[in-house]
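The structure appears right after this line, and notes come after that.
The values are calculated or read from the model by the stated rules, or taken from the named source; none is laboratory data. The model shown is predicted, which means the values in this text are computed figures rather than measured ones. In this analysis, Cβ positions are derived from the backbone assuming ideal geometry, glycine residues included, and neighbour counts consider all displayed protein chains. SASA here: full protein model, heavy atoms, side chains in, ligands and nucleic acids out. Shrake-Rupley method; radii C 1.70, N 1.55, O 1.52, S 1.80 Å.
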Amino acid sequence: MRIGFIGAGGVAQTISKHVLPFGHRVLLSNTRGPESLAKLVKELGPGAEAGTPQQAAEQDIVVLAVMWPHVEAALASIPDWQDRVLVDATNRIASMNPFSLGDISGPTSSEIVADQARGAKIVKAFNSVPMAWISDFSASKQRAVLFLSGDDADAKKSVSDLINEIALEPVDLGSLEKGGRLQQLGGPLAGLRLTFNERLIL
């Protein structure tokens with residue numbers, strides 16, 4: 001599978017390190033151009049490359065992995081999102097210093113993403129836990145629980161199958177409206193450290 005990342009920070013790098021050993025290919029992008037990612041791509045190794053956001057959006061699965069203030073511009077840089085599988089890994093953070101959440105009383109963050117990426121098949125995933133919690137890439141790693149939600153069953157299955165393949169545990173919460181509200185930052189399931197061993201253990 002080819003996985004494109006719009007954004008090349010901790011989320012993109014952590015997911016890449018999980019999927020590359022399974023033969024998947026990753027393409028990372030940022031606003032500074034592919035040349036700025038040469039060192040990172042070399043560190044990630046075979047199967048990794050750098051490109052533009054437009055090239056990232058051409059991959060089988062596209063992961064939106066930018067800070068919330070940059071979401072609108074990142075999505076607008078792609079002229080046509082129709083039928084693309086777009087994983088929303090963002091969190092709605094209004095400010096980092098001091099830290100403050102955006103308004104979470106209205107539409108969920110992923111509903112906002114869906115409105116700005118019209119036609120895309122949105123799956124909310126990889127947002128509910130700090131990347132440090134899933135930074136064990138060994139074969140003996142704990143099977144950490146990752147929540148996902150979305151309105152397109154086939155898109156969710158693709159993302160769920162990928163999470164399962166990399167030895168993490170996908171838990172489908174339902175629609176973007178209901179599930180997305182549960183897992184978005186500020187929701188009741190955000191920041192829960194769960195592992196799977198025949199049953200969920202808190």
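Candidates in region 127-143 are the residues that are among the small types (G, A, S) and either modelled with pLDDT under 95 or in a loop (DSSP other than H, G, I, E, B) (or both); of these, the one that is least open to solvent (accessible area, probe 1.4 Å) is S128. Considering region 30-114, the qualifying strands (runs of 3 or more DSSP E), each wholly inside and each with 2 or more residues that are more than 25 Å from G191 (Cβ to Cβ), run over 48-51. Sort through M67, M96 and tell me the only one that's over 20 Å from A167 (Cβ atoms), under 16 Å from the mean Cα position of the chain (by Cα), surrounded by fewer than 15 Cβ atoms within 10 Å (Cβ to Cβ) and not acidic (D, E). One residue alone meets the criteria, M67. The numbered conditions (1) part of a loop (DSSP other than H, G, I, E, B); (2) over 13 Å from S109 (Cα atoms); (3) of a type outside the set (A, V, I, L, M, F, W, C) are all true for K157 except (1). Here A50 fulfils each of the conditions (1) surrounded by 15 or more Cβ atoms within 10 Å (Cβ to Cβ); (2) in contact with a Phe, Trp or Tyr (Cβ under 8 Å, 6 or more places away or on another chain); (3) within 23 Å of S135 (Cβ to Cβ) apart from (2). Taking into account only those residues within region 147-178 that are small (G, A, S) and over 15 Å from the mean Cα position of the chain (by Cα), which is nearest to H24 (Cα to Cα)? Restricting to residues being small (G, A, S) and over 15 Å from the mean Cα position of the chain (by Cα), the top hit is A167. Among the residues of region 153-170, those that are closer than 15 Å to I61 by Cα, free of Cβ contacts under 8 Å to residues at least 60 places away in the same chain and open to solvent by less than 50 Å² (accessible area, probe 1.4 Å) comprise K156, S160, I163. Screening region 99-126 for residues that are open to solvent by 50 Å² or more (accessible area, probe 1.4 Å) and in contact with a helix residue (DSSP H, G or I) (Cβ under 7 Å, 6 or more places away or on another chain) and picking the one that is nearest to R181 (Cα to Cα) gives E111.
Scanning region 66-123 for residues that are out of contact with any Ser or Thr (no Cβ under 6 Å at 6 or more places or on another chain), free of Cβ contacts under 8 Å to residues at least 60 places away in the same chain and of a type in the set (D, E, K, R) yields E72, D80, D83, R84, D103, D115, R118, K121. The residue that is modelled with the highest pLDDT, among those in region 20-47 that are among the β-branched types (V, I, T) and surrounded by fewer than 21 Cβ atoms within 10 Å (Cβ to Cβ), is V41. Scan region 1-29 for residues that are of a type in the set (A, V, I, L, M, F, W, C), within 19 Å of L162 (Cα to Cα) and not in a helix (DSSP H, G or I) and the total you get is 7.
Residues that are open to solvent by 20 Å² or more (accessible area, probe 1.4 Å) and within 15 Å of V11 (Cβ to Cβ) within region 70-93 comprise H70, N91, R92, I93, listed in sequence order.
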